[in-house]
Every structure is written in C-alpha cells, then in structure tokens.
Amino acid sequence: MFKGYMAALAAVLLAFVSLPILGVLSSLGSPDFLMVLFRPELSSALALSLETATASAAACAATGIPLGYLISRSKSKATEVARILVTIPLALPPLIGGALLLNVYGSASPIGSAARGLGLALTQSPLGIVLAQVFVASPFVVLTSAAVFERIDRNYEYASRMLGRGRGETFLRVTLPMAKNGIAAGLVLAWVRALGEFGATVMMAYNPKTVSIQLWEDNAIGGLNLALPGVLLVMVVSFVSLAFWMWISGTGRERTGWGV
Amino acid sequence: MLVVQGLRKRIGKFQLGPVDFQVGNEVMVILGENGAGKTTLLNLIAGILEPDAGSILQDGRRLDGVPIERRKAGFIFQRPYLFPHMSVRGNVTYGLRGSPESVWSSEVRDVVSLLDMGGLLDREVGGLSGGEQQKVALARTLVTSPQLLLLDEPLTSLDFRTRRRLKAELKDVFRAFGGPVIYVTHEPEEAVALGDRVLLLEDGKVIVEGGRSELEALVQERYSD
C-alpha cells in the first residue's frame, strides 16, 4: 500500500517533467524544421553560448576551486562568511542577480566606466555575458569543491608533507588528483548552468545574443514554430552534458583512499 | 637525540603536559589508554600541531615552528594513507626527487628488500591487504632517510596474525634504521616487544618515564592479570 502511494505521487512528477521534454519532439515533424534549425542567428548564438560558458567555467575553476579548498580546510568565521556569500547567487532570482551586477559593472558605474576607459566593455559584450554566467554558476564549483575536499582525510596531506613535499606540491600532486572527479562534476554543472543562463545575462548583455536570449526572442516574434527547433538543439547539448556529469559522478567516483 | 622539554598543548578541555623526555638512537614507546594524549604528543613532534609552550630539539636543532616538510621526520599513521591515484612504485618513490629511473637507488632497493615487498611493486594500491599497505607506507617513509621515525599505532587496524608478523618485521626495521623511534601504542605486548624506553601517559600527564627496566616493571604491574 505504502509503495503504491509513493509510486503514484512519484509518477505525477515524472509525468509533469517528461511531457515537455517529449513534447518538443513534435517539432521534428515541422516542414521548416531544418531551415529554422540552421538559421545563422541561431548557430552564432549557440556558438557564443558555448564559448562564454566554457570561459565562465574556466574562470570558476581558477577562482572557485581555491575558495572551495580554503572553505573546506578552515573553521574560521571568515570562511563561514565566504561560504554564505558564494551561496547567495543560488538563492537569488537570476534577473535580480543581473540587476545587482549591472549596478556595479554597468557603464554608468565607477568600475564600468574605468573599464571602458581601458577599452573593456563590461556590459553588452561577451565579457558581460561571462560576468553574468560566472555569478550564477560559481556556487556549483565552490560548493562542490568544498564538499569533495572535506571528504578527503587531511592525513593524506600530512603524509605528503611528512615525505618532504610542501603545501602547494601536496595540493597539486595529492589533494587535487584525489578530488578531480568530484570537481569535474561540479564544473560540468557550472558549464550547463552557464550555457542556459538567461535572467542575469538579459540584464548585463542582451546583445550579442546567447542562445537562451535568441530563443526567447524567436518565441516572441514567431511563436513556438520558430523557437522549438532551437530548443531541441539546446536540449541535446544539455542531455550530453548531463550524461557526462552522471558518468563522472557515478562510475568515476573520486578515490578517497582506504577501502575505496 | 630528540629532546622534548616542557611541552604543553590545550585542545578544548584536554590539557597535555608538561611533557619532558629524551630519546637517543633507540625506540621509545608511548603507552596509554585511548584519550591519554599519545597521538597529540606525536602530532606535536611531527609538526601537525603547534605546542602552546615548550620546545622540541633534534640534535640541537629546534623543531617547534619548523614546517612539517622540513622536519626530516617520518610518520606512519594508524591507516596507511597510500595515495590511491598512484601505483605502489609511485607511492614508494613519492618523497624522492629525481627521474623515475634515478630514484631507484641501492638505498631504495635495500628498503624494499628489508621489508620483503618486492612482489608488491607492480601491484595497484587498491588491491593490497591492510598489512601490505602498511608495509608500503613504511617503505615510502624509510626511503626518504628520515632522521626520526614516528609511528602512531600502525598495527591497530590489522588482524591478529598480520599484526604479529609485522611486529617481528618492525624490530628488524628499527634496528636497521638506527635512529630515534617513537612508537605509540595502547598494547603492552607491543610495548615490551619493541621498546627500549617508555613514556606512560594518563589524561595528558606523564605518569612514568624510563628505560627498559621501567617498561617491564610497568607492564608487569599495570597490565598483567
């Protein structure tokens, strides 16, 4: 009886989630499907999204992994505050995040106008897109990294240091390799999140258009007939990323040592 | 010669010390029940913890304040902590500098032979038994030619037979090492089998500190049925 109730409730959610995913396949029957799919503006939007998502993931990796490590290894109030700060973008509606970014980096702000003086446009540019994507995607890297590093017994690091290797060498040769699968999973999530980012990007860089903004505009102008082929394309990219993430998280568990 | 003077450390409500002792080229056993402060004392000597007061000198050189990686001390933990992403060979030579070919010196081969672990070199870390892993951990430490050897209950997690076999091998290892060894245990049989000196800790306080005769008397008095 209990299992039946649980299964029934679960089925409601599964159906709710599956129908839109399966429903998009109906666009395959459209006579204009290929023509709509290979429009230059859609291809360039997708290429831009892939490039900026990759750049954002790289920026998150370079700064987020060190932050995750520091959070995992320190019990100070400062690192607790840092943990809360990096989690805030997860709780903020993306549009609000975009407004906050625009307030600080927009062309009328001190930082924005100083950057413009150096020839850097922080809004309405690929750099603006990356800034928005890093803001929303960085928590995935920081929090995943912190969780993975916390699971690695510090005695592995002490063992390395007792063998004459310094902190930096220990991090690169022991800690990071042991954490690599978990961190990679966090980076994939960050990349997927960045790829699909809309709200903050709309505020910071409506142009050049990312694929999410392009599809939003397609729907506004031409309805679902115009938007669905691009939606299907982005879904395929997302599914491939998701499969990769599941493979890294599942079969490629980070090796935390004894008994594993 | 390792000299510990007035060493103190407070962790929460637990107070270790003051601790005073000296170890020459011999094996000092730190004996005591769980929670006595044995591992804390070993971690202070290793540099994993910094003392609140006191000093640690090795051959006249102050160790307190020196980073772990510059203390030239070898540490064997309760668990082997072999690096799972490296092979046995990689683990054994981890602490050595040089090309993969040059690090396999005669000294390294001597350690491998002493521990009779030649058959383990081409195996993966994950496939080793507990005793085999501890041997690799020991080899990994000894090949770096430490000046001081610290062991924190290295046989605790092993089954009885493996413990007995490895205990016999440890005697040979300590003899070949020839430098100061500090061996933490709560097992009186291990203490008697391996120790030349004893330091008995209870609730962070030194109860007994002495040589072989004190060790035997202590075990007879406190641990015999």
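For region B:93-134, a Kirkwood radius taken over Cα pairs fed into Stokes-Einstein (10 °C, viscosity 1.306 mPa s) yields D = 139 µm²/s. Multiplying the residue separation of residue A:79 and residue A:246 by 0.36 nm and subtracting their alpha-carbon distance yields 57.2 nm.
For region B:1-61, what class follows from the C-alpha gyration tensor (a ≥ b ≥ c being the square roots of its eigenvalues): rounded when a/c is under 1.5, otherwise prolate if a/b is larger than b/c, else oblate? Oblate is the answer for region B:1-61, as a/c is 1.5 or above yet b/c matches or exceeds a/b. Two numbers describe the Cα atoms of region A:18-121: Rg and Dmax, which are 20.4, 62 Å.
Measure nothing fancy, just the Cα-based angle from helix B:212-223's long axis to the longest principal axis of chain B, in degrees from 0 to 90, nearest 10. In chain B, helix B:212-223 runs at an angle near 80 degrees to the longest axis. For region A:147-255, the set of trypsin sites (Lys or Arg not before Pro) satisfying both a DSSP loop assignment and a count of at most 14 other C-beta atoms within 10 Å is given as A:253. Across the protein assembly as shown, Cα-Cα pairs farther apart than 39 Å form 44% of the total. Atom-type composition of the exposed protein surface of region B:1-158 places 47 percent of the accessible area on carbon and sulfur (1.4 angstrom probe).
Placing +1 on the Cβ of every Lys and Arg and -1 on the Cβ of every Asp and Glu, with no other charges, gives chain B a dipole of roughly 540 debye about its Cα centre. For residue B:29, the residues 5 or more places off, or on other chains, whose built amide H falls under 5 Å of its own are B:183, B:196, B:197, B:198, B:199. The tail of the calculated P(r) for region A:182-244, taken as Cα-Cα distances beyond 20 Å, holds 34 percent of the pairs.
Working note: Debye formula, equal point scatterers on the alpha-carbon atoms of region A:62-216, no solvent; log10 I(q)/I(0) at q = 0.09, 0.14, 0.15 Å⁻¹ is -0.37, -0.77, -0.84.
Quarter the surface of the alpha carbon convex hull of region B:121-211 and you get the mean projected area, 7.0 square nanometres. Taking the Cα centre of chain A as reference, the dipole from Cβ charges on Lys and Arg (+1) and Asp and Glu (-1) amounts to some 1080 debye. Counting only other chain Cβ atoms within 10 Å of each residue's Cβ, the peptide B:75-87 averages 6.
Phi angles across region A:57-62 convert, under the Karplus curve 6.51 cos²θ - 1.76 cosθ + 1.60 with θ = phi - 60°, into 3J(HN,Hα) values of 4, 5, 5, 5, 5, 5 Hz, Gly and Pro given as x. Here the extension length gained between residue B:156 and residue B:106 equals 14.9 nm, from 0.36 nm per residue of separation less the Cα-Cα distance. Among A:160, A:238, A:249, the largest mean-square fluctuation in a Gaussian network model of chain A (Cα springs under 10 Å) belongs to A:160. Considering only B:102, B:128, B:170, and ranking their Cα positions along the charge dipole of region B:70-185 that arises from unit charges at the beta-carbon of Lys, Arg, Asp and Glu, the one farthest toward the positive end is B:170.
Residues whose amide H lies under 5 Å from that of residue B:148, counting only those 5 or more places away or on a different chain, are B:74; hydrogens are built 1.01 Å from N in the peptide plane. Only bridges with both residues in region B:27-182 count here: give the DSSP antiparallel percent, nearest 5. Around 20 percent antiparallel, to the nearest 5.
Once R0 is set to 51 Å, what does the formula 1/(1 + (r/R0)^6) return for the Cβ-Cβ distance between residue B:202 and residue A:99, expressed as a FRET efficiency to the nearest 0.05?
Calculated value: 0.20.
With both bridge residues required to lie in the protein assembly as shown, what share of the DSSP beta bridges run antiparallel, to the nearest 5%? Beta bridges within the protein assembly as shown, antiparallel portion: roughly 55 percent. For region A:185-255 versus region B:58-121, the spacing of their alpha-carbon centroids is 48 Å.
Considering every alpha-carbon pair of region A:90-152, the percent of pairs per 10 Å bin, from zero through the bin containing the longest distance, is 21, 40, 24, 13, 2. In region B:139-225, a dipole from Cβ-located charges (positive for Lys and Arg, negative for Asp and Glu) runs towards its positive end, and of B:193, B:219, B:206 it is B:193 whose Cα lies farthest in that direction. Between the alpha-carbon centers of region B:1-35 and region A:17-40, tell me the distance in whole angstrom. Taking the Cα centre of region A:17-40 as reference, the centre of region B:1-35 is 73 Å away. With unit charges on the beta carbon (Lys/Arg positive, Asp/Glu negative), name the residue among A:238, A:202, A:137 whose Cα is farthest towards the positive pole of the charge dipole of region A:112-260. Result: A:137, furthest along the dipole toward the positive end.
When its C-alpha radius of gyration is set against 2.2 N^0.38 Å (N residues), chain B gives a value of 1.01.
How many Å² of accessible surface get buried when B and A come together, counting both sides, probe radius 1.4 Å, rounded to the nearest 100?
Approximately 2400 Å², summed over both chains.
Against the main long axis of the alpha-carbon atoms of chain A, helix A:94-105 sits at an angle near 70°. Computed about its Cα centre, the charge dipole of the protein assembly as shown is approximately 520 debye, with only Lys, Arg, Asp and Glu carrying charge at their Cβ. Per residue, the convex hull around the alpha carbon atoms of region B:57-160 comes to 125 Å³. Taking the square roots of 5 times each eigenvalue of the Cα gyration tensor of chain A, largest first, gives ellipsoid semi-axes of 36, 28, 17 Å.
Averaged over peptide A:160-171, the number of partner chain Cβ atoms lying within 10 Å of each residue's Cβ comes to 6.
Phi angles across region B:83-92 convert, under the Karplus curve 6.51 cos²θ - 1.76 cosθ + 1.60 with θ = phi - 60°, into 3J(HN,Hα) values of 6, x, 8, 10, 6, 4, 4, x, 5, 4 Hz, Gly and Pro given as x. Annotation for region B:97-171: trypsin sites (Lys or Arg not before Pro) lying in DSSP loop with at most 16 further Cβ atoms inside 10 Å of their Cβ are B:97, B:123.
Computed from the C-beta positions of residue B:171 and residue B:15, the FRET efficiency with R₀ = 30 Å rounds to 0.30. Of all the options A:102, A:70, A:19, the one that moves most in a Gaussian network model of chain A with Cα springs shorter than 10 angstrom is A:19.
The values are calculated or read from the model by the stated rules, or taken from the named source; none is laboratory data. Computed from a predicted model, the values in this text were never measured in an experiment. FYI the Cβ positions are ideal-geometry reconstructions off the backbone, even for glycines, and counts take in every protein chain you see. To get the accessible areas, we keep the full protein, side chains included, count just its heavy atoms, and leave off ligands, DNA and RNA. Shrake-Rupley method; radii C 1.70, N 1.55, O 1.52, S 1.80 Å.
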